[in-house]
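*Asks:* Before I ask anything, here is the structure I am working with.
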Amino acid sequence: MEITINLPAKDWYVNGTLNDLSYWGLDYPPLTAYQSYVHGLFLKLFDPDSVALFSSRGYETYFSKLLMRWTVLSSDVMVFFPAVFCFWIVYNHGRSRGGERCDAAWHIAMLLINPCLILIDHGHFQYNCISLGLTVGAVAAVLSQKDLIACALFSLALNHKQMSAYFAPAFFSHLLGKCLRRKNPFFEVLSMSLVVIGTFAVVWWPYLYSTDALLQVLSRLAPFERGLYEDYVANFWCATSVLIKWKRLFLTSKLKLFSFIITVSTCLPSMIHQISSPSSRGFLYGLLNSSLPFYLFSFQVHEKSILLPLLPASLLALDDPSLYKWLTHYGLLSMFPLLCRDRLLLPYLTLNALYFLLYHVPRDKRDSKVTGSSAAYPILRAFSVCCYFGLHLIYLTMLPPEKYPFLFEALIMIFCFFHFALLAIYTNKKQWMLSEHSMLLNKEKKLI
């Protein structure tokens, strides 16, 4: 905000005497910069010192933090909340089922009161609600067959947070699968391409005057110099680094190639399913089955990136509540060390308890179990729950050995990665089972 309201747009991404990029420089696409500019004007109106050039660095008062929270709340109200209600209207269209009002209230509560999103956005002032809200709007547009609007909204989401690319394989494969089943697929693909290009051109217009300016912005969006992962994130690279020292054994260029190949490979089954058999529910599972592999295997993943897989899981909460419950609990645990360092323990415990109570309110439950047929499942689930609470207690009450100061963070990370990997296998299987279910229904209709 300090940079956007004090410097011209052409200097926002350029390192200089007035813009030290090493000090929280802009590293998000231009739409985030425009949002920062608008919010910066709001802060300047009520507390000019909080966004003054240079002197605002390190500035922190109760009033300035209150104003920042208002900017997050306003983003929720203007973008995320309307998108959620639009999704619910589209998603619920044509559904006839008992306890519908209770289910509607419960589902909307699960979507809006996501503890992970609240802790990150309102604790760190991250504004993920904007990009996630635009994505939810795009999903609602896809489900209501307004594909061009979906392309524009998802393009805006990409231009707000580049992490929205986690959903790109799902949008691409589903829309392509739909286009291939229409009378003029080439025209359909061309129309969508023009909408995407046009949206990007409008957002990036201040930087299209030269190739250098464009490349300067792009270089800020791909921080490969930060390494394969940050801190202790519950993904494959960090979990296996306990045994394989990836950063020491391989150059960054090799690690980028490895992560790209594995990420694309793990997204392919879901993409193939949607290209060959596109469906609304398949698309929602596809969003989860593209964002979760990105979190688990892509380059430069942050703890907060778990918000991306959590979004489609929340959209599916009414059909697959157990999936959302477990992903939320393990997502919270994966961020627990980060939130403790930022002194957000009390909000963490409070929101965790609130989520637990809301999830278990009396309603017409159709709780699909994330289980196998094994009789050992209840024992394994009980063991997992004991480990979940045990890791919290250990982290809060014990000191790690001096030789291994990050032992507890590593245990939490490995534990969460294991469960995320199991959930990824489950959701891919669930997506492919949709086709089998559809084929059985078609056979029954033909027999009738």
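The values are calculated or read from the model by the stated rules, or taken from the named source; none is laboratory data. None of these values were measured; they are calculated from a predicted model. FYI the Cβ positions are ideal-geometry reconstructions off the backbone, even for glycines, and counts take in every protein chain you see. For accessibility, only protein heavy atoms count, side chains too; no ligands or nucleic acids. Shrake-Rupley method; radii C 1.70, N 1.55, O 1.52, S 1.80 Å.
*Asks:* Being under 12 Å from residue 227 (Cβ atoms), assigned to a helix (DSSP H, G or I) and either without any contact (Cβ under 8 Å) to a residue 12 or more places away in the chain or not aromatic (Phe, Trp, Tyr) (or both) is the filter here; which residues of the stretch 240-253 pass it?
*Replies:* Passing the criteria: 247, 248, 252.
*Asks:* Given (1) open to solvent by less than 70 Å² (accessible area, probe 1.4 Å); (2) not in a helix (DSSP H, G or I), where does residue 209 come up short, assuming only one miss?
*Replies:* (1)
*Asks:* Something else: Tell me which residues, restricted to the stretch 297-322, are surrounded by fewer than 23 Cβ atoms within 10 Å (Cβ to Cβ), part of a helix (DSSP H, G or I) and hydrophobic (A, V, I, L, M, F, W, C).
*Replies:* Selection gives 297 alone.
*Asks:* I've got another one for you. I need the full set of residues from the stretch 55-93 which are more than 30 Å from residue 144 (Cα to Cα), part of a helix (DSSP H, G or I) and of a type outside the set (S, T, N, Q), in order please.
*Replies:* Scanning the stretch 55-93 gives 62, 63, 65, 66, 67, 68, 69, 70.
*Asks:* Quickly run through the stretch 333-362 and pick out the residues that are among the β-branched types (Val, Ile, Thr) and in a helix (DSSP H, G or I).
*Replies:* Within the stretch 333-362, just 350 meets the criteria.
*Asks:* Go through the residues of the stretch 217-239 one by one and say whether even a single one is open to solvent by 70 Å² or more (accessible area, probe 1.4 Å), among the acidic types (Asp, Glu) and in a helix (DSSP H, G or I).
*Replies:* Yes: one or more hits.
*Asks:* May I pose another question? Has the stretch 386-397 got any residue that is over 28 Å from the mean Cα position of the chain (by Cα) and modelled with pLDDT of 90 or more?
*Replies:* yes
*Asks:* Do you know which residues across the stretch 268-288 are closer than 11 Å to residue 431 by Cβ, open to solvent by 10 Å² or more (accessible area, probe 1.4 Å) and in a helix (DSSP H, G or I)?
*Replies:* Within the stretch 268-288, 269, 271, 272, 281 meet the criteria.
*Asks:* Would you be able to say whether some residue in the stretch 102-118 is open to solvent by 20 Å² or more (accessible area, probe 1.4 Å) and aromatic (Phe, Trp, Tyr)?
*Replies:* No, because not a single residue in the stretch 102-118 is open to solvent by 20 Å² or more (accessible area, probe 1.4 Å) and aromatic (Phe, Trp, Tyr).
*Asks:* Same structure, new question: Looking at the structure I just gave you, is residue 354 closer than 27 Å to residue 108 by Cα, modelled with pLDDT of 90 or more and open to solvent by 50 Å² or more (accessible area, probe 1.4 Å)?
*Replies:* So residue 354 fits the description; yes.
*Asks:* Search the stretch 205-224 for residues that are more than 16 Å from residue 33 (Cα to Cα) and pair each with any residue that is surrounded by 12 or more Cβ atoms within 10 Å (Cβ to Cβ) and of a type in the set (Lys, Arg) when their beta-carbon atoms are under 7 Å apart and the residues are at least 6 apart or on different chains.
*Replies:* Qualifying pairs under 7 Å: 224/256.
*Asks:* What is the number of the single condition among (1) within 21 Å of the chain's Cα centre (by Cα); (2) open to solvent by 30 Å² or more (accessible area, probe 1.4 Å) that residue 84 does not meet?
*Replies:* That leaves (2) as the condition not met.
*Asks:* Further question on the same structure: Since residue 281 meets every condition but one in (1) more than 21 Å from the chain's Cα centre (by Cα); (2) at pLDDT 90 or above; (3) among the basic types (Lys, Arg), which condition does it not meet?
*Replies:* (1)
*Asks:* Return yes or no: is residue 225 touching a strand residue (DSSP E or B) at 6+ places or on another chain (Cβ under 9 Å) and acidic (Asp, Glu)?
*Replies:* no
*Asks:* Right, another one. Condition first: in a loop (DSSP other than H, G, I, E, B) and modelled with pLDDT of 85 or more. Now tell me which residues in the stretch 94-114 satisfy that.
*Replies:* 113, 114, listed by residue number.
*Asks:* Quick check on my filter: what residues within the stretch 44-57 are of a type in the set (A, V, I, L, M) and either closer than 28 Å to residue 201 by Cβ or open to solvent by less than 20 Å² (accessible area, probe 1.4 Å) (or both)?
*Replies:* Hit for the stretch 44-57 is 51, nothing else.
*Asks:* Kindly indicate whether residue 265 is without any contact (Cβ under 8 Å) to a residue 24 or more places away in the chain, open to solvent by less than 70 Å² (accessible area, probe 1.4 Å) and within 23 Å of residue 172 (Cβ to Cβ).
*Replies:* yes
*Asks:* Tell me whether the stretch 7-21 contains one or more residues that are in a helix (DSSP H, G or I) and either touching an Asp or Glu at 6+ places or on another chain (Cβ under 8 Å) or open to solvent by less than 60 Å² (accessible area, probe 1.4 Å) (or both).
*Replies:* yes
*Asks:* Please enumerate the residues belonging to the stretch 29-43 that are within 18 Å of residue 12 (Cα to Cα), touching a residue at least 12 places away in the same chain (Cβ under 8 Å) and not hydroxyl-bearing (Ser, Thr, Tyr).
*Replies:* 29, 30, 31, 33, 35, 39, 40, 41, listed by residue number.
*Asks:* Determine which member of the set 67, 41, 31 is more than 23 Å from the chain's Cα centre (by Cα), surrounded by 16 or more Cβ atoms within 10 Å (Cβ to Cβ) and farther than 30 Å from residue 360 by Cα.
*Replies:* Result: 67 is the single residue among 67, 41, 31 that is more than 23 Å from the chain's Cα centre (by Cα), surrounded by 16 or more Cβ atoms within 10 Å (Cβ to Cβ) and farther than 30 Å from residue 360 by Cα.
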